[in-house]
Amino acid sequence: IFGEILNITPLGLLVILAVILRIPSLFEPYWYGDEGIYLTLGEALRQGLVWYRDIHDNKPPLLYLLAAISGSVFWFRFILLVWHAATIALFWKLAEKLLGANKKQVFLSAAVFTILTVLPLLEGNIANAEIFMIGTTTAAMFLIFAKQLTPRLLFATGAIFSFSTLFKVPAVFDLLALV
């Protein structure tokens, strides 16, 4: 009803809900150790150090690059907020492809996805590799379920999966599951 009053789509409502649930995390004090590690490696890059030679951690570089771009916990989590909003939209589109015209199932699956990926209990409010990895993996899955697979589309899907792996190596198992 609220969405109809404001003429907002169900997808728009889910994105707004996710943004509202993530806003408090932007102002939380630093408390999660891994975010500090990511930001430390990001700052090291900004100061000219070379990753994996001068400073390293056990993760691939894409998360550290986002941390370098952000420069602070607030902006790192803000990037996550925007990233997650886009991921919800991608998940919605993927659910439409997989579930067809059943709008209730699409909404329910996207709503469950949204809630599970913003819950603080499941570390959904911190900038960690798993949350970023979901976005690129969902994008790759969306592409692979296109009506007609072409070599160019398969290459793009593989490239996007490789970005997932550059966030966190276990993303390769999503590719293996798809194969």
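Determine whether Phe107 is in a helix (DSSP H, G or I), of a type outside the set (Ser, Thr, Tyr) and open to solvent by 60 Å² or more (accessible area, probe 1.4 Å). Judged against the criteria, Phe107 is a match.
Of all residues in the range 34-56, those satisfying the criterion of being open to solvent by 40 Å² or more (accessible area, probe 1.4 Å) and either charged (D, E, K, R) or in a helix (DSSP H, G or I) (or both) are Asp34, Ile37, Thr40, Glu43, Leu45, Arg46, Arg53, Asp54. Given the criteria more than 16 Å from the chain's Cα centre (by Cα) and in contact (Cβ under 8 Å) with a residue 24 or more places away in the chain, does Leu98 qualify? Criteria met by Leu98.
Can you tell me which residue in the range 69-80 is modelled with the lowest pLDDT, limited to those that are in a helix (DSSP H, G or I) and surrounded by fewer than 19 Cβ atoms within 10 Å (Cβ to Cβ)? Ranking the candidates gives Phe74 first. All of Tyr32, Tyr52 fail the test of being touching a residue at least 40 places away in the same chain (Cβ under 8 Å) and not acidic (Asp, Glu), apart from Tyr32.
Considering (1) closer than 16 Å to Phe167 by Cα; (2) in a loop (DSSP other than H, G, I, E, B); (3) open to solvent by 10 Å² or more (accessible area, probe 1.4 Å), the lone condition that Ile126 does not fulfil carries the number (3).
Could you list, in sequence order, the residues of the range 14-33 that are part of a helix (DSSP H, G or I) and among the charged types (D, E, K, R)? Listed by number, the list holds a single entry, Arg22.
The values are calculated or read from the model by the stated rules, or taken from the named source; none is laboratory data. Everything numeric in this text was worked out from a predicted model, so none of it was measured. All Cβ positions, even for glycine, are placed from backbone atoms using ideal geometry, and neighbour counts span all protein chains on display. These accessible areas exclude ligands, DNA and RNA; they are computed on the full protein's heavy atoms, side chains included. Shrake-Rupley method; radii C 1.70, N 1.55, O 1.52, S 1.80 Å.
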